[in-house]
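S.K.: The following block contains the structure, expressed as structure tokens.
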Amino acid sequence: MRLTRLQWFLITVTGYARFFNDQTDECDDMSLGVWWRGPKLKKELRVRMNAMVQAVNQKIETTVAKINSQFIKTKVLFVNYDETFDGHRFCEPGVQEPDYKRNETYFFLVGGPDNARNGTQARQVVQSATIPPHSQLVDPQTCLEPARRAGDWGMLALCYMAMSKAQDPTLRPAGRQVVAENSMWYVPTYYGKTFHPRTLGHETIRTQIYKTWHDLGL
């Protein structure tokens with residue numbers, strides 16, 4: 001770790017943003033689950049999820065403080081941007097989740113589009129709301145062993161969904177249509193975008209980092 005031998009360096013570390021507005025009751029009967037009868041976004045669940053994010057932020061901040069205690073000057077800067085996401089989380093007042101058209105939400109939905117200011121989008125594909133049970137890439141009879149061997153959690157998740165669909169044909173996705181990005185139903189790793197910040201979220205994070213640097217005279 002040659003970086004620590006330098007006379008001057010500064011590492012910036014960010015925390016995470018809470019995913020939900022946990023004050024409203026409007027979201028209690030809504031779901032972000034793949035299947036229409038997925039887990040509901042009850043206030044208690046949202047409070048627990050947000051508390052988990054805050055606990056992680058606290059752990060990161062404590063670790064950063066411990067590292068800095070070993071130096072005369074600050075070497076690691078913690079930036080907590082959580083409050084800048086207020087009004088841009090899931091389950092905001094008046095929002096019917098999952099709302100794929102709401103650009104003000106700073107997190108990705110499953111297969112949802114980005115919200116870049118310049119309108120740049122990955123190619124959108126709208127498919128019927130079914131998971132192809134006999135796709136060559138998602139074959140419920142043969143997908144489990146390759147998914148486990150690959151170690152790709154997205155591939156494993158997609159396989160389990162295909163198996164569930166094969167076992168219970170009445171299952172259907174939560175929305176009337178599934179908006180797929182780059183045919184994400186066939187590309188398991190695209191599930192990794194879910195709950196990650198969209199472009200406007202990343203811009204907000206960037207602005208908060210720059211503000212913190214400016215306030216410190218960097």
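S.K.: Enumerate the amide H contacts of Val79 below 5 Å, restricted to partners 5 or more residues apart or on another chain; note that Pro and chain-start residues carry no placed amide H.
M.R.: Val13, Thr14, Gly15
S.K.: Going by C-beta contacts inside 10 Å, put Met163, Met52 in order with the fewest on the left. Intermediate values should be presented prior to the final figure.
M.R.: Numbers: Met163 17, Met52 13.
Result, fewest neighbours first: Met52, Met163.
S.K.: Where does each of 81-91, 22-32 land if you order them by average Cβ count within 10 Å, highest first? List each step's numbers first, then the result.
M.R.: On the way: 81-91: 17.9, 22-32: 16.3.
With the highest mean Cβ count within 10 Å placed first, the list reads 81-91, 22-32.
Readers should treat all values here as calculations from the given coordinates under stated rules, not as data from a laboratory. Here the structure is a predicted model, which is why all the values come from computation and not from measurement. Quick reminder, even Gly has a Cβ in these numbers, built from the backbone with ideal geometry, and neighbours come from all protein chains shown.
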